[in-house]
Each structure stands twice: as C-alpha cells, then as structure tokens.
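S.K.: Questions regarding the structure given below will be posed in turn.
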Ligand code: ADP
C-alpha cells in the first residue's frame, strides 16, 4: 500500500499553539502557576512518585521515562508538565493534540527536541491515529520513519532523534489507545483538591495578586471552587475585582459572599451552567436516565464541554450518576434544586444496571 508522504518543503518550525484565552488572563495564569513541584499544593502522592522518577533520571543522567497525566481540567497537569523540566534543568516544548493533524505537524517538535528535553502534548487523546502511530517509534527507540516523495518514487528514510521525554496530558484517558497508553512508563491520575488545599492555594495566590484576604474568605472561595485550582483562581480574581471596585480593596467574608452571589455561584460552588445542566435533566428528562448527547442538544452546548468540564465535579459531588442507560439525578440533586424527589424515586445509588440488580428492588 502506498504511504502518504509526510514531509514537504514547507515543514519547518513547530506551529504556534494559539491559546484561546485572553492575554491578560494568560499573564496572570502564568504568574499564579507554581514554578517548582515543591511549590504545588496537594497531589502529594503524585508529587512524591514524580519526584522519585525525576531524581532517579538526574542521578542516572538519563532522560525521564515518558509521563502520562490524566484528570479533569484545571487540576494541575500543565503545571506538573512545566515544573518537571525545571527540576531536570532541560528545555520544554508545548504542543496540543488538537493541532497536530498529521505526522508532519509533529515532526518539527521531535527534530527540535534537545537531549533529555521535555515535549508536552496537551489533550493527547485528540491525536489522529496516523500521528499516534508515527509517535510509537519516536517514543520507544527515538527514531522516526519518514516517507519522502509519492507513488513509485516514494522512499522511506529512517531518522534518529535525540532522546527526549514525552509528557502527555488528557482529560479522557479512556480514549487513549492501549498501545499509546502502554508506552508511558509513568502514569498518574490527578484528583480533585480538598477544601483545605484550595484555601491554601487561594491564600498564596491572594498574596501573589497583592490583595488582603482573611481566612474565612479564603475558605469561602475554596468551598465554592469545585475542587479545582483553576476555578479557585478565577473566583479569587473576580472577588478581588469586586473588592477593588465596590469595597475598600480588602476581601472580607461579606465581600466574598456578595461577589460570588453576583456570579450566580451557589454554596456548593455550582455556577449557572451546572445548575442549567441539572435543571434540564430534571425538567425535560424527568430526572433521567438520559444520554449526555440529548442534554447537550437541549442546552445547545458541545457534548465535550459537558463531559469534560461540567460532569466530573457533579459526578464527584454525587449529584448525578452515570449508568449504561445515561445520566440520572440523585436525591441530593433534587434537594439542591429545591425539589422533592418523586414518590417512586429510587436512590440513584441504587440505579439498576441490569436485570439481576433490578430484582433487588422488587
Ligand atoms: P490542567 O493542565 O490540568 O488543566 P493547570 O495545570 O493549567 O491545569 O492548572 C490551572 C491553574 O491552577 C494553574 O495555572 C495554577 O495556577 C493552578 N494550580 C494547579 N495545580 C496547582 C497546585 N497543585 N498548586 C497550586 N496551584 C495549582
């Protein structure tokens, strides 16, 4: 079978990865992002294991094994990926799985990789199959097979690369193929943060943003941050803006509460979109079970937004359960929405998933 040529004259420097965030927020994000792994709050077990792998690589003078980080957005995957090269004192290149459409898009990153350096690919589950397969020999033997020319004149050139480390981040480890997953020597899953950890992050970041905050306010912002540092940072920035323009520049409990209420954030930290999701399942689909695509269509939202950004925390907060028949509200969700569960409501924890389980409730 003729292979697609993957190299042409235009293949030069790595394409720019354009972030879809406004420049001021990006600058602040950089300022708030911990620079060293030691400065990261929480995720202690992941930190310990990565530190051991990094120290061992330094002692042996070898590149770190490839690392896969998975977990919902905003929990620190990129932060780990930017701290690890600092710990190893090597350079870092950043790419996104969504922009690597063909092997030729990945090639410049691989050829530019310095000995022992890090290549971070965010959203690695979005890599097309052809790019993924192109990466296998690069990960395993630090070489790539390049097809030059087309048709009968096509020839394959084997090119060696300098040994490097790939750090992949994904919100959907389930979507990674087994051969790709197996090529990562270190695989870590990031969990949601406790309120104490988020309070600590809020206090530290308030100091970085040079705003005064008391403990009660830091705890309030933390408890409304869905277990996620990125959300905590966003809430803190909003409360800071509110304190600057409507109060005397200090964050007190009263200021924090009023500012969060103005954003429509409730005591569990759910925002308008989260509640719309729950209300849609309740009103339109009678509490479920319902497929996530149907909810997404009704809300006029992308399914990925729901599965990646909205659902992980709602599932963890046990407001929704996922079963083979779809999403279903729990009794806690009914109570949260101020609605009494229907009389025949069975706790979602007892959601029957097959005929045998069904009998348990008869
Ligand atoms: P992800 O890549 O998982 O989506 P990021 O690494 O970009 O998440 O984290 C989002 C923001 O949250 C970072 O800019 C950083 O300010 C903050 N953050 C994440 N993890 C931590 C942590 N462990 N300690 C302190 N701040 C953190």
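S.K.: If the elastic network links every pair of Cα atoms under 10 Å, which of 84, 59, 118 fluctuates the most in the Gaussian network model of the chain?
M.R.: Fluctuation is largest for 59.
S.K.: If the elastic network links every pair of Cα atoms under 10 Å, which of 269, 338, 116 fluctuates the most in the Gaussian network model of the chain?
M.R.: 338
S.K.: Is the C-alpha gyration tensor of the chain telling us rounded, prolate or oblate? Criteria: a/c under 1.5 is rounded; beyond that, a/b larger than b/c is prolate, otherwise oblate.
M.R.: Details: a/c = 2.14, a/b = 1.39, b/c = 1.54.
Verdict is oblate for the chain.
S.K.: On C-alpha positions alone, give me the angle between the axis of helix 103-112 and the longest principal axis of the chain, in degrees, nearest 10.
M.R.: 80 degrees
S.K.: Of the beta bridges DSSP finds with both residues in the chain, what % are antiparallel, to the nearest 5? Before the final figure, lay out each step's value.
M.R.: On the way: 11 of 30 bridges.
DSSP beta bridges in the chain are roughly 35 percent antiparallel.
S.K.: So which residue, out of 219, 28, 191, gets the largest mean-square fluctuation from a GNM of the chain using Cα contacts under 10 Å as springs?
M.R.: Comparing 219, 28, 191 in the GNM, the peak value goes to 28.
S.K.: Same structure again: Measuring from centroid to centroid over Cα atoms, what is the spacing of the stretch 32-69 and the stretch 259-283 in Å?
M.R.: If we compute the Cα centre of each part, the gap is 36 Å.
S.K.: Taking the alpha-carbon centroid of each part, what is the distance from the stretch 208-223 to the stretch 301-333 in angstrom?
M.R.: Answer, in whole Å: 29.
S.K.: Rounding to the nearest 10 and keeping the result within 0 to 90°, find how far the Cα-based axis of helix 44-60 lies from the longest principal axis of the chain.
M.R.: Computed tilt is about 20 degrees.
S.K.: What's the ranking of 29-39, 318-328 by average number of surrounding C-beta atoms within 10 Å, highest first?
M.R.: Working: 29-39: 14.0, 318-328: 17.8.
Put in order of decreasing packing, that is 318-328, 29-39.
Values in this text are rule-based calculations from the coordinates and carry no lab data. In this text, all values refer to a predicted model and were calculated from it rather than measured experimentally. Glycine gets a Cβ as well: all are built from the backbone with ideal geometry, and neighbour counts include every protein chain shown.
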